[in-house]
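For reference, the structure discussed in these notes is given below.
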């Protein structure tokens, strides 16, 4: 089923059925996806594929008790409606179980490229071959151990018993490359880069393949590093691994309701250095997570989460907005396969005014971390892990690649002593992030 | 459906694999006494893989009519043909294997459907309350139960015709403790491939809850460990994580061919001669390991594969394509999570064989080191076997005695260096990956474990 009108009709039918079986309020969220993909493995084209699925998720409320059921067996949709009501009736009551009311939604332009409909398996194959050829043109020691190019057509539809009735089509081309360099016994770290485009004309796999290859080559021949406590510069990828999970957890209103978010009780207070501003914009032009409305049918808008170091807003769904007497912020997330969660869309850290090289320039001894492989605890803020593709900084310059180096610190503390934000930013999955310079980090060479 | 699939396979021409899957799942999640989720999912579909001119093509469909399946077959064959002109290394053939034929039921006397939604919900609510009542310092609790029930039909043009049933229930708990504005958490989880009483009999949910509370509270006042190389005793949980995450992925033949560190190490000493590591579709030593799988998703009957024998690398993990490439027999490691996933090389139950040292003696032999239990928050490993795992519970060992807890500990290093450093292997055994889900572009339910091990590893903390 790839017709928007048909999908919307199916949702309306499911809404009526669920009400007939005893629900007071109902939300139907459905999505039809059609994906074409070509995968790289062992520096060669591996498999190409095509997939199509329609999934319908039903949230039934009975006396503010909630149940959720989903299926792709559309011929037996009524059984799923019955299941959702049955699950609701067995659940405890919660006054915060509410569905949102309809509000005006302005469609985001350029989400859907009609040319995507004729994008074929052979077009996807051509893009993966381009990634492999890019690696070949850079250095014979490079292997693209993995990679994917996928073309995705998505139709989302939401209908609820309060009158929300929305549908939207989007196209998204997603691609990544995983590069390793091998020179005799020396094996580099695995380097990963990712990009995406909503339009056929916006596809360009060469830059990400090139960056993955250069990062892999850069970590080849890395030797033991040095132990010290001092400045560390995190690349956008490392910022994603160390800090974005913390932002997503601490600014999630559900965690505030649960009592597990420290920042949930600190709105209006300073939680980071004044150079840190974090926004989230579900309508960002070209954003990977861009769409007109969230998982509950609330229109997306730009929201400042942290402004000049001050926590300014949490991310809400209808549930948390009711629980905390706040307004929904259109951060209900997820697919038709599950109940709405809460999460960022296109999260951005505002770039600074100095270049990455300027951040390095006055460091006597420090570390540039391109990738972080470890744990970052969003509750305690403690992070600890291996600095991957890391380079030692000496006397204001990049000195040499190092391996087996651990970094550790506490995110709440390092955000307060943040000493630099670069003007350069990169897209890392759905986030847009600069380089960040942190102080007082434990660096341990084993 | 089985007859329909067999007929389509017979009339399709060329090599073809059809895999029907019906999956039913349930999820109950409670936090702080509030029900956050009570949900069910039912999906059905067929995945089709065709091999044309030495290239695989894959398509999936939810249209289960003969016409719908034939369309998916044509799409898979078309995708393979399109790719054939671009692929450098054509598949020369698929290795012969013992193909699965027959019906493979779930091994349990207590199927999950014998227990009502109300019973499962009541248990989750009760355990969540137990966590919150466990200490006055507990500020948040989370408890969840989930189950996956799969029915699969795997039919190939070269002999597989298997009807496979899988049932995986899991139980998870988390406790968050707070003092002076500082929060710490404790977690524990269990899963089995089996029925309700098989899960409940493993470790009762009450014990999981009490453990999570104890770890959360005790961590509040625990110091961070100093960083550096240390002698450690790893529990079966961490031995399993090391075996699966840091070693297991480097011996998956597709990763090997992509340039893993094991690529030229076959029949070489890669670990202490005390170490023998295996991956098995059968639940060895103890029943109901989560990754138990009678037939893989290529239709190959699974077996026990010795990866490392007395420290010497003996085998990789294969699908039929890589087995043909290396000239060996398939090991039954091709797995697909849902009908819409093409099979990939994945682990099943990965473990180290028990040795002959008692756990008491392992610990008694450490003057200054750590006793480390279970995977904590986060962890990652690369194809060069470098790894870093957060540790759920790490305690100092001083003069052969386990002492105080340290907080936020990690263990890292090169997994083969760690295995080379093993100087004693415990005589115990446990499957202990918690509710193990492995991610490698698609999910797979796996298990891992072993005995306690004594070795050296780099401890991370905060100086």
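Every number here is computed from the coordinates shown, using simple stated rules; none is lab data. These numbers come from a predicted model, not from an experiment. Here the Cβ positions follow ideal geometry from the backbone for every residue, glycine too, while neighbour counts run over all protein chains shown.
A compact table of results
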quantity	calculated
Computed P(r) (all Cα pairs; the stretch A:222-446; 5 Å bins; percent)	1, 7, 14, 19, 18, 15, 10, 7, 4, 2, 1
Computed label-point distance, nm, for sites residue A:4 and residue B:151 using a 7 Å Cα→Cβ extension	3.8
Net lengthening on full extension, residue B:338/residue B:53 (0.36 nm per residue, minus Cα-Cα)	100.0 nm
Tail beyond 15 Å, pair distance distribution of the stretch B:418-463 (Cα, percent)	63
Calculated log₁₀ intensity ratio I(q)/I(0) where the Debye formula runs over C-alpha points of the stretch A:248-312, q = 0.15 Å⁻¹	-0.56
Cα shape, the stretch A:149-285, gyration tensor, a/c 1.5 rule	oblate
For the stretch B:208-260 versus the stretch B:136-165, the gap between their alpha-carbon centres in whole angstrom	24
Computed E for residue A:73/residue B:129 - FRET, C-beta separation, R0 41 angstrom, nearest 0.05	0.70
The protein assembly as shown: calculated mean residue ellipticity at 222 nm from DSSP helix runs of at least 4, using -39500 (n - 2.57)	-6000 deg cm²/dmol
Cα-based convex hull, the stretch A:78-138, per residue volume (Å³, whole number)	303
For the stretch A:11-63, alpha-carbon Rg and Dmax in angstrom	18.8, 57
√(5λ) per eigenvalue of the Cα gyration tensor, the stretch B:176-303, largest first, Å	33, 25, 13
Separation between Cα centres of the stretch B:1-66 and the stretch B:314-360, rounded to whole Å	22
C-alpha long axis of helix B:66-84 to longest principal axis of chain B, angle in °	80
Kirkwood-type radius of the stretch B:252-316, with distances r between different C-alpha atoms, in Å	13.1
For the stretch A:1-150: rounded, prolate or oblate by the Cα gyration tensor [a/c cutoff 1.5]	prolate
Spacing of the two label points (7 Å from each Cα toward its C-beta) at residue B:34 and residue A:226, in nm	5.1
Three-way shape call for chain A based on the alpha-carbon gyration tensor, with the a/c threshold at 1.5	oblate
Translational diffusion coefficient (Stokes-Einstein; Kirkwood radius from C-alpha pairs) of the protein assembly as shown at 20 °C, 1.002 mPa s, in µm²/s	76
Computed log₁₀ I(q)/I(0) - Debye formula, equal Cα scatterers, no solvent, the stretch B:2-220, q 0.08, 0.11, 0.15 Å⁻¹	-0.46, -0.71, -0.92
Shape metrics for the stretch B:228-460, restricted to C-alpha atoms - Rg then Dmax, Å	16.9, 55
Distance between modelled label sites at residue B:423 and residue B:368, nm, 7 Å Cα→Cβ extension	1.4
Between the stretch A:295-362 and the stretch A:105-183, the alpha-carbon center distance in angstrom	24
